[in-house]
Amino acid sequence: MMQESISFTPQLAASAIARNLWLIPAVPIAASGVIAVLKQPRRKTASALAIGALSFSLLLALIAFAHVLSGWANGQAVRETASFTWFQTGASHVDLGWVLDPLSAIMLVMVTFVGLLIFIYSTGYMAHDENYTRFFCFLSLFAGAMLGVVIANSLLLLFMCWELVGLTSYLLIGFWYFKPAAAAAAKKAFLTTRVGDVFFLLGIVWLFAQTGTLLFYNSGTGSMEQAALTGLLAQPAAWGFTAASAIGLLIFAGAAGKSGQFPLHVWLPDAMEGPTPVSALIHAATMVAAGVYLIARVYPLMQAGALTGGTTTALTVVTWVGAFTALFAACIAVAQNDIKRILAYSTVSQLGYMMAGLGMGGVAVGMFHLITHAFFKALLFMGAGSVIHGCHEEQDIRNMGGLKKYMPLTFATYSIGMLALCGVPILFSGFWSKDAILESAHGWPLSHAPYYMLVFGAILTAFYMTRQVSYVFFGAYRGHGHPHESPRSMTTPLAILAFFAIALGALGTPAWPWFRAFLENGAAVVDFHAFAEPAWLMLLLTSCVIVTIGIGLGWMLYGSKSPAADQPDVIERAAPPLWAALRDRLYIDEFYGVTVIAFYSWWARVADWLDRRVWGGIVSLVAFVFGLWATLNRFLDTNVVDGAFDKSCEEISTSGGLLARIQSGRVQTYLRLLALAVVVLAILLFWSGRA
Amino acid sequence: MNPLTGYLLVAALLFSIGLAGALTRRNAILVLIGIELMLNAANLNLIAFWRYGPHPEALTGMMFAIFSIAVAAAEAAVGLGLVINIHRHAHTTNLDQMNRMKG
């Protein structure tokens, strides 16, 4: 799948841009630190700081991107790294560093650009929130941490930023902490991703133990480079895995947690309790994509040991998990009624597509879908935020309807996002990226099942998006109050994102595979004959059929006649058990409730019992023994030690009193004593002289 | 009788009178006078021991006596100064009433 980059010479010396790449995450983090100490009413300062810092990062990211682009245009495989030793113990040292290559450059531009739009959007969306300042503090911290994940050249630095991203995700999901659902969702997100992160950390430790370095690229000695990978492949782990596969799978577990892959997807839909800009930025465009990015970053490891055109254990697992998640989440999305929850399941499903794309097609395929998805899903979420804002904080799509009339701009941009997500051929970016995934799935040598899963998932995607759009924008308005269009600060970013949701597709068409060429250091050749290839035409046809079936079916069932809140859904009438199962999210949460959570509550009770009865008993016994000892000591003190001491004190006091009587203060008494003493002395001398 | 004995007897008498005065008088000035008498008894002893001692040519006893008289003059000045200050402060020179340093 991967093109060999023969004509491209590797470039090693780091330019000033690469050396100062750390500024990109550092500036937003510094801004967040400043915002953290601002007083609550300094709203304008807070948002201006956050937006200013991210604009600066965007500028730097664009400069870095231009630098990589010019290097690429000159036939150089740009991979500039800068690293330093964090600490050293004995012979082994832990290095941190950052890397500028096509992968990180593209991600940098995407994250800063989408992030900036969402920051601007947030000034409108959060305008009436009293904790506006805190919101921008967290948002800015998130942006910095995410950019840190992107530039990291060390798995450890990546992991640190990864955890920081998880922390800000937790803080922002629970931003409205006074809502019990939001607080619970924040905890759930944090704990669920932690499950994956434990495996990720294990993978990191194992990798460090095997290769002695956590740097990805370090002029031939990095852990993602040939020497280290050869060593990893020679090292057998258990059950016929090589160490490379096992470490790859552990890292994938971390990625699955962050990217909401089955079975760790449960936190992502609940994370929609956070403010909508957060859902757009963190839980659609950037953070959840970090898992995909991580797999792309360690792709040499995942791919190590593959035969030509073949695949590895790790990549096979990635593919199956991705394909299954894509289909599974799409099914659930069909039966959801919360506008953001539908999009959340859609995100889970699309992340599955990206994972499958990485597993079957390589970095370029997965990353292309990541980039296009970031734009159109951010667009959809922000559109949903605009709808929620316009309908007075209503999130149930059954209480919407007919918003096409009231919110024309939101409707137009939302439809573009929806069509991009459905993958409507030719026009929309989602088509090109999803098409590339389907194409690689079609050519996957191991099995055709992922291909059919992805195709069916795509049909469902088109279906549930049509259902949602029909509910929200068509028919008659079923909610309360009067819906209104959102302010300019919210609609402008929508329009910009809508433009990119269409335009980005041009970067990755088969006729001009610029994206793949850029990432894989090949030459981008314009070749319109690619459009005439039978395989591609077949796929185009398939896509057309998928979209037609999905949208057609959706429109037929829902169209302009979507039912009101108290009436059952169309599918619910046709197949109630199926609907109930899908509505209740296939009982995954309930399953975890009776297995994992029940186990942990039982274990907690056992631990509690152990603490109270066993350890508590031992502690009480020890305390009792020491209490006895203390009582004995007190007895000895009061009766023996104190008695002796008191007696001697009394004696000293009495004799002092006696002697004090002599000191009467009368000078002549002293003088008499003195005279007496002289007389006594004289007599003594006299007597001794006589002897 | 050795002439020295006579001097020493006079000096002892003088010392005893001074001591008796210093011990029995209530008035601070009279106590001071008593002390002065004792001091002069000591001076008389110094002179007597020098004059009838082994080296009467060395003038040592006279030097001692002169120093002692000078010191006694200074001491009398300081003592009288103290007595005057005490009188100003306490409006009395009765030593029995000056017992504030009682232990």
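The values are calculated or read from the model by the stated rules, or taken from the named source; none is laboratory data. Worth saying up front: this structure is predicted, and the values here are computed from it rather than measured. So basically every Cβ, Gly included, is an ideal-geometry build from the backbone, and we count neighbours across all protein chains shown.
Computed values, structure above
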{"item": "Selection within region A:16-46 - in a helix (DSSP H, G or I), crowded, with 24+ Cβ neighbours inside 10 Å and in contact with a Phe, Trp or Tyr (Cβ under 7 Å, 6 or more places away or on another chain)", "result": "A:Ile35, A:Ala46"}
{"item": "Given (1) within 14 Å of another protein chain (Cβ to nearest Cβ); (2) more than 30 Å from B:Gly21 (Cα to Cα), index of the condition A:Ala675 fails", "result": "(2)"}
{"item": "Tally of residues being surrounded by fewer than 24 Cβ atoms within 10 Å (Cβ to Cβ) and either outside any helix (DSSP H, G or I) or touching a strand residue (DSSP E or B) at 6+ places or on another chain (Cβ under 8 Å) (or both) across region A:325-365", "result": "5"}
{"item": "Looking only at region A:662-671, and only at residues there that are part of a helix (DSSP H, G or I) and within 8 Å of another protein chain (Cβ to nearest Cβ), the one that is nearest to the chain's Cα centre (by Cα)", "result": "A:Ile662"}
{"item": "Within region A:386-495, helices (runs of 4 or more DSSP H) holding 2 or more residues that are over 30 Å from A:Thr316 (Cβ atoms), among the β-branched types (Val, Ile, Thr) and touching a residue at least 24 places away in the same chain (Cβ under 8 Å)", "result": "A:408-422, A:449-473"}
{"item": "Identity of the residue in region A:531-588, part of a loop (DSSP other than H, G, I, E, B) and among the small types (Gly, Ala, Ser), that ends up modelled with the highest pLDDT", "result": "A:Ala575"}
{"item": "Failed item in (1) within 14 Å of chain A (Cβ to nearest Cβ); (2) not in a helix (DSSP H, G or I), with B:Gly53 passing the rest", "result": "(1)"}
{"item": "B:Asn27 away from chain A (no Cβ under 14 Å), surrounded by 13 or more Cβ atoms within 10 Å (Cβ to Cβ) and within 21 Å of A:Gln668 (Cβ to Cβ)", "result": "no"}
{"item": "Meets criteria (touching a residue at least 60 places away in the same chain (Cβ under 8 Å), of a type outside the set (D, E, K, R) and assigned to a helix (DSSP H, G or I)) for B:Val10", "result": "no"}
{"item": "The lone exception for A:Val606 - which of (1) within 14 Å of chain B (Cβ to nearest Cβ); (2) assigned to a helix (DSSP H, G or I) it fails", "result": "(1)"}
{"item": "Count - residues of region B:77-87 that are within 13 Å of chain A (Cβ to nearest Cβ) and either in contact with a strand residue (DSSP E or B) (Cβ under 6 Å, 6 or more places away or on another chain) or among the aliphatic types (A, V, I, L, M) (or both)", "result": "3"}
{"item": "Residue check, B:Thr60 in contact with a strand residue (DSSP E or B) (Cβ under 9 Å, 6 or more places away or on another chain), surrounded by 12 or more Cβ atoms within 10 Å (Cβ to Cβ) and among the polar types (S, T, N, Q)", "result": "no"}
{"item": "Options A:Gly260, A:Gly322, A:Gly291, A:Gly274; residue that is on the phi > 0 side of the Ramachandran plot and either of a type in the set (Asp, Glu) or buried (at least 23 other Cβ atoms within 10 Å of the Cβ) (or both)", "result": "A:Gly260"}
{"item": "Options A:Ala227, A:Ala244; residue that is assigned to a helix (DSSP H, G or I), closer than 26 Å to A:Ala323 by Cα and not β-branched (Val, Ile, Thr)", "result": "A:Ala244"}
{"item": "Selected residue (criterion: farthest from the chain's Cα centre (by Cα)) from residues of region A:382-431 that are charged (D, E, K, R) and farther than 15 Å from A:Ile342 by Cβ", "result": "A:Lys405"}
{"item": "Residues of region A:642-661 satisfying the condition of being among the charged types (D, E, K, R) and either outside any helix (DSSP H, G or I) or within 14 Å of chain B (Cβ to nearest Cβ) (or both)", "result": "A:Arg661"}
{"item": "Residue within region B:88-100 that is within 14 Å of chain A (Cβ to nearest Cβ), in a loop (DSSP other than H, G, I, E, B) and loosely packed, with under 12 Cβ neighbours inside 10 Å present", "result": "yes"}
{"item": "Flag for A:Ser104 being in contact with a His (Cβ under 8 Å, 6 or more places away or on another chain) and either assigned to a helix (DSSP H, G or I) or touching a residue at least 12 places away in the same chain (Cβ under 8 Å) (or both)", "result": "no"}
{"item": "A:Leu96 in contact (Cβ under 8 Å) with a residue 24 or more places away in the chain and either of a type in the set (Gly, Ala, Ser) or touching an Asp or Glu at 6+ places or on another chain (Cβ under 6 Å) (or both)", "result": "no"}
{"item": "Top-ranked residue in region A:672-691 [being at pLDDT below 85 and part of a helix (DSSP H, G or I); ranked as farthest from the chain's Cα centre (by Cα)]", "result": "A:Arg690"}
{"item": "Test: B:Ala41 is in a helix (DSSP H, G or I), closer than 20 Å to B:Ala11 by Cβ and either within 14 Å of another protein chain (Cβ to nearest Cβ) or of a type in the set (Phe, Trp, Tyr) (or both)", "result": "yes"}
{"item": "Test for B:Ile84: is it within 15 Å of the chain's Cα centre (by Cα) and modelled with pLDDT of 90 or more", "result": "no"}
